[in-house]
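Working notes for the structure below.
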Amino acid sequence: MCGIVGLFLKDKSLEPRLGEMLSDMLVTMTDRGPDSAGIAIYGKNGDGFEKMTIQSDNPVDDFKNLDKELSKAISTEVGLHLKSTHAVLKMASTHSDQARTALAKVRPNVRIMSTGHNIEIYKEVGLPENVAKRFEISNMGGSHGIGHTRMATESAVTTMGAHPFSTGADQCLVHNGSLSNHNSLRRKLKRDGMSFETENDSEVAAAYLTYKMQHGSNLGEAMEASLNDLDGFFTFVVGTKDGFGVVRDPIACKPAVMAETDRYVAFGSEYRALVNLPGIEEARVWEPEPATVYFWEH
């Protein structure tokens, strides 16, 4: 069943409240998926450094001195900010590929949640309220973000199986539904150089969009193409560094509602996810049309 939320802020004065509002929206969707939850926050990054959000089941040992070891391995300074089972590494963009390679050697059990200049992803097994509190999401600001609470249907309930899925820099996807051609599409994408961490069909959708954007499509064009190339039932909410997009399959059996004001654009699997947003009573509220791409960019 799963629950999805998304929030794209037009009004910069709301940016300090992004995490607070997005957390509230996701907690409202708890009964749509109690297995695991996750949130992607697109924050401001004015210093030009790249961020890598990582996760460990044994953070006390895995994160100890990790910044020093990586700094030595790639010959440049690496910052480390701890958040429970997650941490955010910060490094010069020119050294991000080296850092990924070095991380696999010095901490092989640590998993990468996201990379990019703006994105941070926090996800774990458990209820949205607990996940949001663990990572202090309510204290985070930013320009846009998406969230997901999962009811697993065909793959394991694990941290890596939780949404959002990120398969490219500053890109992520959350999904409600099920894809029928994900195995064949995964094989094709692997042949074309894409890699996968799970057997989840939603990760294939994320990788498909990443692949299309790596080959020249913008977010809207990639989502349009997905309507022809992905089979099954789906509602996707997608984030990029500057953008936020929504698309439903041609049958559109998965619930979705959107609201727009001059201050924000919001998405929820159900309207109750939106009811606490400021000015919602004056918003234009609608159900996204089947096979129609909606996207906004800063």
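The values are calculated or read from the model by the stated rules, or taken from the named source; none is laboratory data. Just so we're clear, the structure is a prediction, and the values are computed from it rather than from any experiment. Cβ atoms come from the backbone with ideal geometry, glycine included; neighbour counts cover every protein chain shown. Note: accessible area is taken over every heavy atom of the protein model, side chains too, but ligands, DNA and RNA are not part of it. Shrake-Rupley method; radii C 1.70, N 1.55, O 1.52, S 1.80 Å.
Listing for the model above:
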{"quantity": "Simple Cβ-charge dipole of the chain, Lys/Arg +1 and Asp/Glu -1, about Cα centre, in debye nearest 20", "calculated": "740"}
{"quantity": "Against the rule of thumb 2.2 N^0.38 Å, how large the Cα Rg of segment 179-276 comes out", "calculated": "1.16"}
{"quantity": "Proximal charge balance of Leu185 [Cβ under 10 Å; K/R count +1, D/E count -1]", "calculated": "+1"}
{"quantity": "Distance in nm between pseudo-label sites at Leu227 and Ser184 (7 Å out along the Cβ direction from Cα)", "calculated": "2.1"}
{"quantity": "For segment 168-189 versus segment 257-272, the gap between their alpha-carbon centres in whole angstrom", "calculated": "25"}
{"quantity": "Helix-derived mean residue ellipticity, 222 nm - over the chain, DSSP H n ≥ 4, -39500 (n - 2.57), to 500", "calculated": "-7500 deg cm²/dmol"}
{"quantity": "Distant-in-sequence amide H partners of Gly232 (H built 1.01 Å from N, under 5 Å)", "calculated": "Ser180"}
{"quantity": "Rg over Rh, two decimals, segment 1-84 (C-alpha only, Kirkwood Rh)", "calculated": "1.06"}
{"quantity": "Rg/Rg_ref, segment 1-154, where Rg_ref = 2.2 N^0.38 Å and atoms are Cα", "calculated": "1.07"}
{"quantity": "Fraction of the pair-distance distribution of the chain above 36 Å, Cα-Cα pairs, percent", "calculated": "11"}
{"quantity": "Residues listed by number, segment 111-132, amide nitrogen under 15 Å from Asn139 label point at 7 Å toward C-beta", "calculated": "132"}
{"quantity": "Principal semi-axes in Å for segment 232-288 [√(5λ), Cα gyration tensor, largest first]", "calculated": "21, 15, 8"}
{"quantity": "Carbon plus sulfur fraction of accessible area for segment 256-298, probe 1.4 Å, in percent", "calculated": "47"}
{"quantity": "Computed E for Asp61/Ser93 - FRET, C-beta separation, R0 30 angstrom, nearest 0.05", "calculated": "0.55"}
{"quantity": "For segment 77-88, 3J(HN,Hα) per residue [Karplus equation, 6.51 cos²θ - 1.76 cosθ + 1.60, θ = phi - 60°, Hz, x = Gly/Pro]", "calculated": "5, 10, x, 9, 10, 8, 9, 6, 7, 10, 8, 10"}
{"quantity": "Globularity index of segment 77-199, i.e. its alpha-carbon radius of gyration over 2.2 N^0.38 Å", "calculated": "1.13"}
{"quantity": "Segment 112-267, Cα convex hull volume normalised per residue, Å³", "calculated": "124"}
{"quantity": "Estimated inter-spin distance, Thr101 and Thr292, nm [label 7 Å along Cα→Cβ]", "calculated": "4.8"}
{"quantity": "Rg to Rh, two decimals, where segment 146-200 supplies the alpha carbon set and Rh follows Kirkwood", "calculated": "0.94"}
{"quantity": "Positive minus negative residues near Arg111 (Lys, Arg vs Asp, Glu; Cβ under 11 Å)", "calculated": "-1"}
{"quantity": "Under Karplus coefficients 6.51, -1.76 and 1.60, residue-wise ³J(HN,Hα) of segment 179-186 in Hz, glycine/proline x", "calculated": "9, 9, 10, 5, 5, 5, 5, 4"}
{"quantity": "Protein accessible area in segment 93-172, 1.4 Å probe - carbon and sulfur %", "calculated": "48"}
{"quantity": "Heavy-atom surface of the chain, accessible at 1.4 Å and reported per residue (Å²)", "calculated": "41"}
{"quantity": "Cα long-axis angle, helix 219-229 against the chain (0 to 90 degrees, to the nearest 10)", "calculated": "70"}
{"quantity": "Listed residue (Ala132, Leu70, Gly38) projecting farthest to the positive dipole end of the chain, Cβ model", "calculated": "Leu70"}
